[in-house]
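Notes follow once the structure below has been shown.
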Amino acid sequence: MSVQFEEGTTLDRFLMDQLRDYPGATGQFVNLMQSIALAGKMISSRVNRVGLAGLLGSTGEVNVQGEFVQKLDRYANETFLRALEHRGHTCMVVSEEEGEVVLTPDKWHSGRYVVTVDPLDGSSNIDVNATIATIFGVYRRKSSEGGPAELADVLRPGRELVAAGYILYGSGTMLVLAIDRGVFGFSLDPTVGEFFLSHPSIVVPARGSIFSVNEGYAAEWGPGITRYVQSLKAPGTKYTARYIGSLAADFHRNLLKGGVFLYPATTTSPRGKLRLLYEANPLAYIIEKAGGAATNGRTPILEIRPGSIHHRVPLVIGGVDEVREATEQMKDDFAF
Ligand code: P6P
């Protein structure tokens, strides 16, 4: 369905326009997205001054993932928790930086939404000025709005997401939002502090000419992914390799230009590296709304039921033709 938008449509205007199509809407989702956009602007401001604001480097702490926490990781996590906890729209947050779920204060039990968030993905790239991102997913709670949220509100397949997106902190700051009717891109104009609609309807080509995988691990791959990547490099194919090592940046390029991103299971990470709740699921929701596909090499990502809030999965994501071909090769690569 092609939706027409006027030049200079702000994120707020876009959200209010959508609101009119949902008669039962209370405005909590609009409020939630405004909170996410505000947190994104605050993080963008710091990212753009990271070398000057004393935010380079690590805090010296190790997070629940066993990764060194960068100073900007901590700032991004605290900024998102503050933006989500006290506005009445959110009842629970799952963050990459938090070992357990974060329940918003008791007075906000009425919050309808559960948010999964990687506050700053790719933070190992901060010090070298490469693009990093916030990735988020949004569920409507299943538990009653009178009481506290429950783990069952978030340990559910990504197919039940109601929205997902990411905020890219790169040459510009861009918020990409997927809702049931499509995928939309908003670019931040820092001179006025507003996100403006710049990509009214993002659709991923069924087949592109880019593949993104870290071939440094090729010795740890299964035979299927090895066969598939070799096939892309065979003489006469039109593929080129691009790999930034920042998930949302690699994903965004392929979303706009076509292609496939792969982070397969390896002997070191037999269940994959990337996290289902706040990395794979949100991007899988986005790619499917843009006409693409995402699997773990065997099963659609959005059909996987999380075993824990930090559940890891292998990921193959991009154009529907490439994902089908890769999954066909990879389905025997790992036991589960
Ligand atoms: P590797 C960043 O740390 C991250 O989680 C993703 O953003 C990125 O796609 C991946 O890890 C890169 O991992 O093992 O290739 O360095």
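On inspection, Thr191 qualifies as over 18 Å from Ala293 (Cβ atoms), in a loop (DSSP other than H, G, I, E, B) and either of a type outside the set (A, V, I, L, M, F, W, C) or assigned by TED's automatic domain parsing to the domain that holds Glu325 (or both). Just the residues that are open to solvent by 40 Å² or more (accessible area, probe 1.4 Å) and either part of a helix (DSSP H, G or I) or under 19 Å from Pro223 (Cβ atoms) (or both), please, taken from the stretch 300-320. Of everything in the stretch 300-320, those that are open to solvent by 40 Å² or more (accessible area, probe 1.4 Å) and either part of a helix (DSSP H, G or I) or under 19 Å from Pro223 (Cβ atoms) (or both) turn out to be Glu303, Val320. Whenever a residue of the stretch 55-76 is within 12 Å of the ligand (Cβ to nearest atom), its partners that are in a loop (DSSP other than H, G, I, E, B) and modelled with pLDDT of 80 or more, lying with C-beta atoms within less than 6 angstrom and at least six residues away or across chains, give the pairs Asn63/Glu97. If the condition is being among the hydrophobic types (A, V, I, L, M, F, W, C) and closer than 30 Å to Arg49 by Cα, then the stretch 93-127 contributes Val93, Val94, Val102, Val115, Val117, Leu120, Ile126. What do you reckon, is Gly158 more than 23 Å from Met16 (Cα to Cα), buried (at least 17 other Cβ atoms within 10 Å of the Cβ) and in contact (Cβ under 8 Å) with a residue 24 or more places away in the chain? Against the criterion (more than 23 Å from Met16 (Cα to Cα), buried (at least 17 other Cβ atoms within 10 Å of the Cβ) and in contact (Cβ under 8 Å) with a residue 24 or more places away in the chain), Gly158 qualifies. Just name the residue that is farthest from Ala218 (Cα to Cα) out of those in the stretch 245-272 that are assigned to a strand (DSSP E or B) and in contact with an Asp or Glu (Cβ under 7 Å, 6 or more places away or on another chain). Across the stretch 245-272, the extreme among qualifying residues is Val260.
Taking the stretch 197-254 as the region of interest, how many residues are more than 29 Å from Ile179 (Cβ to Cβ), open to solvent by 60 Å² or more (accessible area, probe 1.4 Å) and within 16 Å of the ligand (Cβ to nearest atom)? Total satisfying the criteria: 5. Taking the conditions (1) away from the ligand (no atom under 16 Å from the Cβ); (2) among the charged types (D, E, K, R); (3) surrounded by 15 or more Cβ atoms within 10 Å (Cβ to Cβ) in turn, Asp180 satisfies each one other than (3).
When each of Val64, Val69 is tested for being in contact with a Gly (Cβ under 9 Å, 6 or more places away or on another chain), assigned to a strand (DSSP E or B) and among the aliphatic types (A, V, I, L, M), the lone residue that passes is Val69.
From the set of residues in the stretch 10-49 that are within 20 Å of Pro119 (Cβ to Cβ) and touching an Asp or Glu at 6+ places or on another chain (Cβ under 8 Å), which is least open to solvent (accessible area, probe 1.4 Å)? Among residues in the stretch 10-49 that are within 20 Å of Pro119 (Cβ to Cβ) and touching an Asp or Glu at 6+ places or on another chain (Cβ under 8 Å), the one least open to solvent (accessible area, probe 1.4 Å) is Leu11.
Among the criteria (1) within 16 Å of the ligand (Cβ to nearest atom); (2) modelled with pLDDT under 90, the one Val50 does not fulfil is (1).
Scanning the stretch 273-292 for residues that are in a helix (DSSP H, G or I) and of a type in the set (A, V, I, L, M, F, W, C) gives Leu276, Leu277, Ala280, Leu283, Ala284, Ile286, Ile287. For the stretch 88-106, check the following and say yes or no: at least one residue is surrounded by fewer than 16 Cβ atoms within 10 Å (Cβ to Cβ), over 19 Å from the mean Cα position of the chain (by Cα), within 16 Å of the ligand (Cβ to nearest atom) and in contact (Cβ under 8 Å) with a residue 24 or more places away in the chain. Within the stretch 88-106 (the criterion being surrounded by fewer than 16 Cβ atoms within 10 Å (Cβ to Cβ), over 19 Å from the mean Cα position of the chain (by Cα), within 16 Å of the ligand (Cβ to nearest atom) and in contact (Cβ under 8 Å) with a residue 24 or more places away in the chain), the answer is no, since none of the residues qualifies. Among the residues of the stretch 255-286, those that are within 18 Å of the chain's Cα centre (by Cα) and near the ligand (Cβ under 9 Å from one of its atoms) comprise Phe261, Tyr263, Lys273, Leu274, Arg275, Glu279. Set side by side, the residues Lys273, Lys289 differ, and just one is in contact (Cβ under 8 Å) with a residue 60 or more places away in the chain and of a type outside the set (Gly, Ala, Ser), which is Lys289.
Taken over the stretch 323-336, the criterion of being at pLDDT 95 or above, open to solvent by less than 40 Å² (accessible area, probe 1.4 Å) and over 20 Å from the mean Cα position of the chain (by Cα) is satisfied by Ala326, Thr327. For Thr116, the test of being touching a strand residue (DSSP E or B) at 6+ places or on another chain (Cβ under 9 Å), buried (at least 18 other Cβ atoms within 10 Å of the Cβ) and under 16 Å from Arg140 (Cα atoms) is passed.
The values are calculated or read from the model by the stated rules, or taken from the named source; none is laboratory data. Only a predicted model underlies this, so the values are computations on that prediction, with no experimental measurement involved. Please note: Cβ atoms are built from the backbone with ideal geometry, for glycine as well, and neighbour counts cover all protein chains shown. Ligands, DNA and RNA are stripped out before the accessible areas are found, and what is left, the full protein with its side chains, is counted by its heavy atoms. Shrake-Rupley method; radii C 1.70, N 1.55, O 1.52, S 1.80 Å.
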